[in-house]
1. Could you say whether any residue in region 3-15 is farther than 25 Å from Val124 by Cβ, surrounded by 14 or more Cβ atoms within 10 Å (Cβ to Cβ), at pLDDT below 90 and in contact with a Phe, Trp or Tyr (Cβ under 7 Å, 6 or more places away or on another chain)?
2. Give all pairs with beta carbons closer than 8 Å in which a residue from region 276-298 that is aromatic (Phe, Trp, Tyr) meets a residue that is at pLDDT 85 or above and surrounded by 10 or more Cβ atoms within 10 Å (Cβ to Cβ); count only pairs at least 6 apart in sequence or on separate chains.
3. Do we find a residue being farther than 19 Å from Asp129 by Cβ and not in a helix (DSSP H, G or I) anywhere in region 84-94?
4. Looking at Leu51, Leu69, which one is crowded, with 16+ Cβ neighbours inside 10 Å, in contact with a Cys (Cβ under 7 Å, 6 or more places away or on another chain) and either free of Cβ contacts under 8 Å to residues at least 24 places away in the same chain or not in a loop (DSSP other than H, G, I, E, B) (or both)?
5. Determine if region 37-48 includes at least one residue that is part of a helix (DSSP H, G or I), loosely packed, with under 15 Cβ neighbours inside 10 Å, under 20 Å from the mean Cα position of the chain (by Cα) and polar (S, T, N, Q).
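The values are calculated or read from the model by the stated rules, or taken from the named source; none is laboratory data. As the structure is a prediction and not an experimental result, all values here were calculated from the model. Please note: Cβ atoms are built from the backbone with ideal geometry, for glycine as well, and neighbour counts cover all protein chains shown.
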Amino acid sequence: MALELQTIDTVQYCFEAGNVSCLKEIRPTVVYVVLYIFSAAVVMLTIWGNLFVMISIFHFKQLHTPTNLLVLSLAVADFLVGATVMPFTVIRSIEKCWYFGNVGCTIHSICFLVLTAVSIGSLVLIAIDRYFAVCHPFFYSAKVTIPVTCIFIAISWIVSLFYSLSILYFKGYIDDAKELNICPGDCAFVFNTIWGRMFNLPKKSETKAAKTLGIVVVVFILCWVPYYISTFLVPYMNVDDPSVILQAFSWVAYCNSSMNPIIYALFYPWFQKSVKLIITFKICSPGSSLINLFPESN
């Protein structure tokens, strides 16, 4: 009897509905604090790192090039991942509970799908941009202009939105908790077989783009491919809690949004200089947009 009472006291459910909802993770307070601090640091790095990229490209006229506009599109997508997707995922991952309802889960899934598609689209466009710049320089200088690039960026965002909404409209995901072996009320997004295969086709474009984009694309692939593979295999895996696997790989994928600014900081001197100008508020001075970020070119 004492053992039964102890078990009841140590088991908590996410909702008052009792044992029809997910089990809430019970951890020591110190563990909760450490997890939330670490997660908050990752979210802040994602938000502020990409915000610096956005401000740099927006402000400095020297950075107003077609290629940098594509980088800006990628940074905006990563910034929105940090601002709209990751905070809710932090709570879900640590508490093992989804407190934001079915509507919140749908919105969360839409943001995740749209921003992921935009990231893929931006990387593919950057790959195409670099290909023509290197292999067809005369064509590039004559045809690839800022207005043309803006049009392609707009098309990429619109297509990504319609693609994501079509997945939800045509039920391109598995929404049966019993089929996924997850508890009711959880928010786990898993592609069904048909859409899972369709989503693998951008990944092939990314592989081809790696020859041109180098480390940015390689990091993107390493971060996201495990997640897509797991969403495809989870329905066929015999595990007690598949949502834990999805959450683990989704965090690896989200970290890609944090790593891009770090890559820029390590390999692009212009980004290092622009960040210093932003932090010291020198961008507020008149004419700061004309500052030369490439002094070696003089």
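1. no
2. Pairs that qualify, where the first residue is aromatic (Phe, Trp, Tyr) and the partner is at pLDDT 85 or above and surrounded by 10 or more Cβ atoms within 10 Å (Cβ to Cβ), are Phe294/Gln62.
3. There is no residue in region 84-94 that is farther than 19 Å from Asp129 by Cβ and not in a helix (DSSP H, G or I).
4. Answer to the selection: Leu69.
5. Checked region 37-48: no residue is part of a helix (DSSP H, G or I), loosely packed, with under 15 Cβ neighbours inside 10 Å, under 20 Å from the mean Cα position of the chain (by Cα) and polar (S, T, N, Q).
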